[in-house]
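Asks: Just dropping this structure here.
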């Protein structure tokens, strides 16, 4: 851990046993699929076998007549949404598209698109019933390539989409619909003058395939629509309040009529924010009068949830021979999937974000294709563009013969640097992460052996702030029950509890954190954007301060002094003439001094300063097979202040491994009809412990001044550098530059053979 | 006065100006004053008197969480950007 002038904390920086540890290791933790309710029905979903087709008719009569079937729903059972754009906390959604994605309306836009659902006495009857639903289709040609989808000759998926651009005039509804849903343009300086100053210019085209977040737990939802109109949803999600709002909007019921109870979650990484099942299960429950559970199969998770887009990019960089970047230009097209919403905006903002680039131009396009509607995945959009930019950076370094770490340090983004999209950085730690790698034992160690190579790359993510709330109740035995609304996908409940404990001067074990349902705790935005340890942590610290204020009043009452004479520090109260009460002692006196002490805290205004990571990897290439073996991997990341270093290391390691999978193997394989041919974990190859070595981590701590303890989010940055770092290592090993993800054995072997011939 | 960075697609409304200085102590006032100088600009930024969904406003390095009520310091830079989600 690289740390400078770190304040002395008692709890922060320690490694207490996680509060959910016992339940997790004994298998008692309840996940969405574990929910069982009295009288519960089981649901199954009919999905489209076609990638692009009009639905001419749906006949559910035979399914409804099957013994044991209690309800059947189609899109006709969901309210019309019209042209509504709704802000959902972490992004806006077109409700017409959202409802059509939940149950297809008029058209199916990807293989696996949900069309109808059945609730029955058991899953076998439900699955039999969906086979009895007759759908008549008119097949349409699938649009699978992002560049072809942008052409004027391409079939158009959605007749209500016109190209939108930030700040552009709205397109006339009479204009021709298009697959290009959004267009972004950012400019800084004088791009032509910048490139004119360059001694070396490199320009390459890059492609990346659609990849999935690969969470182990499939999507699920159990819903009961009670006769009083109250709807309860049990599910695993990254945002219970977002599910509440999406469900209420899609069903057109009052938000107060929907209660979402989050279960434990078996991974999300951005893919468990949009709703797919809750509105369907709700309508089945309303029709049947019984609770209904829906659980996706693995194939449905692949085919019908929200992976991250494939992309095509052209990126150009110019530098002087003494190693100074002078200009950069990027053209980026992302597959949105069936409906608009790819992370093309942040991709445009991230493409040059690691560097102090005086002249830049970035143009981006969000393009609809006949694939599932894409969604967030760890640092959405940033990994794609890091692959392009960081590969070019190393190519420039080779051409001007400069160490790639030194080049990055020389050009690194730092406080006061203006990004191409406009804003100016506050204190950030890009330089420190590169220096950490440059000074690491790994980077200094010789790498010997045939076909072995080393590569480095950096990455950036903004990290969000958004809104969080927490409350904390002091118990008579001197412990605290913490209630917060951020679903815990990476150990956040312990990280938040540790911040509350630090603020109160008690131990992490003396805080019991609980993730509450939407009726029990104040509003929290989604667990995403690497925001929870930052923002919900602030809310918990505010709750601790509220407790301190109340305890000061109680102590003043006990000591019969003015409250201004009492202070709270070091886990206790201090009054005149050496009077002192520990937290435990005052907690024992609460019942006789006014009852419960409940602290409340919120966070809404804090914005994170952004985080950087730099990775170093050694690979060995089997030149006969094109297979890449990761020999050694070190990841350095600025995490501001590491609240629980084990969790920080885990996040860095997990992100790096997902990035390695994205780099080497993972991809959606589509045939010409638009059918994904590898929609199981047997064929969609995520890395296992046999594929990766231990990921060594270097925690760099450049505290974020916008958090009381200096926290920066950790979860997203580590997925950004791996593809480029590995591409650079492959080049170092065998002299082949890869511009296409994944760098799977067939692709790499083809490039090796091309070079040899 | 706050300095407003005009996104490239909107510069046709500002006669090509990339950065303009307009008065206002909160975002609502800034946008109203922008509209006075460059008619039509408010419609591009707002919907029903609020910032358009999908649009984020960076004021002095922080994302505005209070929408049109967000205070704008006299020397603040204001940027209109795509709203960012996360994974």
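Asks: Across region A:162-195, which residue is farthest from the other protein chains (Cβ to nearest Cβ) among those that are more than 29 Å from residue A:423 (Cβ to Cβ) and buried (at least 19 other Cβ atoms within 10 Å of the Cβ)?
Replies: Initial filter on region A:162-195 (more than 29 Å from residue A:423 (Cβ to Cβ)): A:172-179.
In the following step, the residues that additionally are buried (at least 19 other Cβ atoms within 10 Å of the Cβ) were identified as A:178-179.
On the way: A:178: 16, A:179: 18 Å.
Once the filter is applied, the top-ranked residue is A:179.
Asks: Another question, if that's okay. Residues to consider are A:274, A:256, A:300; find the one that is closer than 26 Å to residue A:659 by Cβ and in a helix (DSSP H, G or I).
Replies: The unique qualifying residue is A:300.
Asks: Turning to a different aspect of this structure: Restricting the search to region B:15-28, which residues are assigned to a loop (DSSP other than H, G, I, E, B), within 13 Å of the chain's Cα centre (by Cα) and within 13 Å of another protein chain (Cβ to nearest Cβ)?
Replies: B:18
Asks: If you go through region A:193-233 one residue at a time, how many are over 21 Å from the mean Cα position of the chain (by Cα) and in contact (Cβ under 8 Å) with a residue 24 or more places away in the chain?
Replies: 24
Asks: Further question: Find the strands (runs of 3 or more DSSP E) located wholly in region A:61-116 whose residues include 1 or more that are within 14 Å of chain B (Cβ to nearest Cβ), surrounded by fewer than 23 Cβ atoms within 10 Å (Cβ to Cβ) and in contact with a helix residue (DSSP H, G or I) (Cβ under 6 Å, 6 or more places away or on another chain), and list them.
Replies: Details: elements: A:69-74, A:85-87, A:92-94.
Answer list for region A:61-116: A:85-87.
Asks: Same structure again: In this structure, is residue A:186 in contact with a helix residue (DSSP H, G or I) (Cβ under 7 Å, 6 or more places away or on another chain) and outside the structural domain of residue A:680 (by TED's automatic domain parsing)? Before the answer, list the steps.
Replies: Numbers: in contact with a helix residue (DSSP H, G or I) (Cβ under 7 Å, 6 or more places away or on another chain): yes; outside the structural domain of residue A:680 (by TED's automatic domain parsing): yes.
Considered against the rule, which asks whether it is in contact with a helix residue (DSSP H, G or I) (Cβ under 7 Å, 6 or more places away or on another chain) and outside the structural domain of residue A:680 (by TED's automatic domain parsing), residue A:186 comes out as yes.
Asks: Run down A:640, A:601 and say which single residue is surrounded by 23 or more Cβ atoms within 10 Å (Cβ to Cβ), more than 14 Å from every other protein chain (Cβ to nearest Cβ) and within 20 Å of the chain's Cα centre (by Cα).
Replies: The unique qualifying residue is A:640.
Asks: If we keep just the residues of region A:196-240 that are within 14 Å of chain B (Cβ to nearest Cβ) and assigned to a loop (DSSP other than H, G, I, E, B), which is nearest to residue A:71 (Cα to Cα)?
Replies: Once the filter is applied, the top-ranked residue is A:237.
Asks: Please determine, by comparing only the residues of region A:391-409 that are part of a loop (DSSP other than H, G, I, E, B) and in contact with a helix residue (DSSP H, G or I) (Cβ under 9 Å, 6 or more places away or on another chain), which one is farthest from residue A:318 (Cα to Cα).
Replies: The extreme case among them is A:403.
Asks: Would you point out the residue of region A:730-757, among those that are in contact with a helix residue (DSSP H, G or I) (Cβ under 8 Å, 6 or more places away or on another chain) and assigned to a loop (DSSP other than H, G, I, E, B), that is nearest to residue A:211 (Cα to Cα)?
Replies: Here the residue is A:742.
Asks: Starting from residues that are surrounded by fewer than 21 Cβ atoms within 10 Å (Cβ to Cβ) and outside any loop (DSSP other than H, G, I, E, B), keep the ones in region B:59-79 and report whichever is farthest from the other protein chains (Cβ to nearest Cβ).
Replies: Here the answer is B:68.
Asks: In addition: Determine whether region A:324-338 contains at least one residue that is within 14 Å of chain B (Cβ to nearest Cβ), surrounded by 24 or more Cβ atoms within 10 Å (Cβ to Cβ), modelled with pLDDT of 95 or more and in a loop (DSSP other than H, G, I, E, B).
Replies: Looking through region A:324-338, none of the residues is within 14 Å of chain B (Cβ to nearest Cβ), surrounded by 24 or more Cβ atoms within 10 Å (Cβ to Cβ), modelled with pLDDT of 95 or more and in a loop (DSSP other than H, G, I, E, B).
Asks: With the condition kept exactly as written, say whether any residue in region A:681-693 is crowded, with 21+ Cβ neighbours inside 10 Å, in contact with a helix residue (DSSP H, G or I) (Cβ under 6 Å, 6 or more places away or on another chain) and in contact (Cβ under 8 Å) with a residue 40 or more places away in the chain.
Replies: No, there is no match, as no residue in region A:681-693 is crowded, with 21+ Cβ neighbours inside 10 Å, in contact with a helix residue (DSSP H, G or I) (Cβ under 6 Å, 6 or more places away or on another chain) and in contact (Cβ under 8 Å) with a residue 40 or more places away in the chain.
Asks: Right, residue A:727: crowded, with 22+ Cβ neighbours inside 10 Å, out of contact with any helix residue (DSSP H, G or I) (no Cβ under 9 Å at 6 or more places or on another chain) and not in a loop (DSSP other than H, G, I, E, B) or not?
Replies: The answer is no for residue A:727.
Asks: So, one more: Looking only at region B:33-43, count how many residues are over 10 Å from the mean Cα position of the chain (by Cα) and either away from chain A (no Cβ under 11 Å) or in contact (Cβ under 8 Å) with a residue 12 or more places away in the chain (or both).
Replies: Adding up the residues that qualify gives 7.
Okay, residues lined up against (1) assigned by TED's automatic domain parsing to the domain that holds residue A:706; (2) at pLDDT 95 or above; (3) out of contact with any helix residue (DSSP H, G or I) (no Cβ under 6 Å at 6 or more places or on another chain); (4) not in a loop (DSSP other than H, G, I, E, B):
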position	(1), (2), (3), (4)
A:518	no, yes, no, no
A:522	no, yes, yes, no
A:536	no, yes, no, yes
A:552	no, yes, no, yes
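The values are calculated or read from the model by the stated rules, or taken from the named source; none is laboratory data. Keep in mind the model is a prediction, meaning the values are calculated, not measured. Note: ideal-geometry Cβ built from the backbone for every residue, glycine included; neighbour counts use all protein chains shown.
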